[in-house]
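A short worksheet on the structure shown next.
The values are calculated or read from the model by the stated rules, or taken from the named source; none is laboratory data. As the structure is a prediction and not an experimental result, all values here were calculated from the model. All Cβ positions, glycine included, derive from the backbone under ideal geometry; neighbour counts span all protein chains shown. The accessibility values were calculated without ligands, DNA or RNA, using every heavy atom of the protein model including side chains. Shrake-Rupley method; radii C 1.70, N 1.55, O 1.52, S 1.80 Å.
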Amino acid sequence: MIKPVTGADATRQALIDAALQLFGERGYDAVSTRELAERASANIGSIAYHFGGKPGLRLACAEHVATRLQAQAAPAIDFASVPISPAAAVALMEAGMERFGRFVVSSREASIYAAFIIREVMQPGEIVDHLYERLIGTVHQRLCHLFGTATGRGAETQEVRAAVFSLLGQMLYFRIAQPIVLRRMDWPEVGPAQADFLVSIFKTNLKGLIAAYRKDDV
C-alpha cells in the first residue's frame with residue numbers, strides 16, 4: 001500500500017506543483033514568492049526552507065519534469081548496452097511511443113510540463129541546460145541509437161539526429177497546439193479514443209520514416 005505524502009514532503013511537492021503552473025502560465029520573473037506560497041497553501045518561508053529560495057524552486061521544477069518525463073519514456077530508453085536486432089530496436093521505439101505519446105497528448109500533467117518547458121526554452125540558461133543534461137540529451141541520444149540500429153545508419157549522423165527530432169516533434173505538436181488540433185479534428189477533447197488514434201498515427205509515421213532511411217542490407 002502506497003502511503004500518502006504528508007508533512008514537509010507534501011509541502012515541498014505542493015510548492016513544485018504551484019511553481020510549475022505559475023511559471024508556465026506567466027514566466028518565472030512575473031511570479032512572486034508570495035503568489036507561489038499562496039497557490040501551494042504554504043508559508044512563504046517554506047520556499048527558502050525547502051529550496052533555498054525562488055531560483056532553487058525553479059531548478060527543482062526542472063528536475064521534477066525531467067524525472068517524470070524520463071519515466072514515461074522508459075520503455076524506449078531503459079535498455080541494456082548490448083547489441084540488439086533492428087526488429088528489437090523498432091519494438092522498443094514503438095513501446096516508448098505508446099507510453100510517452102499517450103501521456104503527452106492526453107494528460108493534464110503533460111500540459112503543465114509543456115508550458116513550463118516552452119517558457120524556459122524561450123530564455124535559455126541554467127534551467128534549459130539542466131533539462132538538456134537530465135532529459136533531452138539523454139532521451140534523444142538513446143532514441144538515435146535505436147533508430148540507427150533499425151535503419152543501419154550511424155546513430156550520431158546528422159540525418160539520424162534530425163529524424164529523431166522529427167519523431168519527437170510530431171508528438172509535442174499535438175500537445176502544444178492542442179486547441180488548434182481539437183478544432184480542426186472536430187474533437188471535444190483528447191480522451192482515450194483520440195489518444196489511441198494519435199498513437200497509431202505516430203507508430204505509422206515511425207515505420208514510414210524507418211523504411212525511408214533503412215539501408216538495403218539491414
How large is the accessible surface of residue 200 in square angstrom, using a 1.4 angstrom probe and rounding to the nearest 10? 50
Sum -39500 (n - 2.57) across every DSSP H segment of at least 4 residues in the chain, then divide by the residue count to get the 222 nm mean residue ellipticity, nearest 500. -24000 deg cm²/dmol
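Using 0.36 nm per residue of separation minus the Cα-Cα distance, give me the extension gain between residue 123 and residue 216 in nm, one decimal.
Extending this stretch completely gives an extra 29.2 nm.
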Sticking with the crude label model, points 7 Å out along Cα→Cβ, report the distance from residue 157 to residue 91 in nm, one decimal please. 2.6
Whichever aspartates and glutamates have a C-alpha closer than 13 Å to that of residue 203, once near sequence neighbours (fewer than 8 apart) are set aside: 94, 98
Using only Cα atoms, find the angle between the long axis of helix 7-26 and the longest principal axis of the chain, and express it within 0 to 90 degrees, rounded to the nearest 10. 70
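Roughly speaking, what is the stretch gain from residue 32 to residue 79, that is 0.36 nm per residue apart minus the C-alpha to C-alpha distance, in nm to one decimal?
12.7 nm
Could you order peptides 112-123, 34-45, 177-188 by the average number of other Cβ atoms within 10 Å of their residues, highest first?
In descending order of packing, they fall as 112-123, 34-45, 177-188.
Protein chains only, probe 1.4 Å: how do 90, 160 rank by accessible area, largest first?
90, 160
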Using a Förster distance of 22 angstrom, determine the FRET efficiency expected from the C-beta separation of residue 183 and residue 108, and round it to 0.05. 0.70
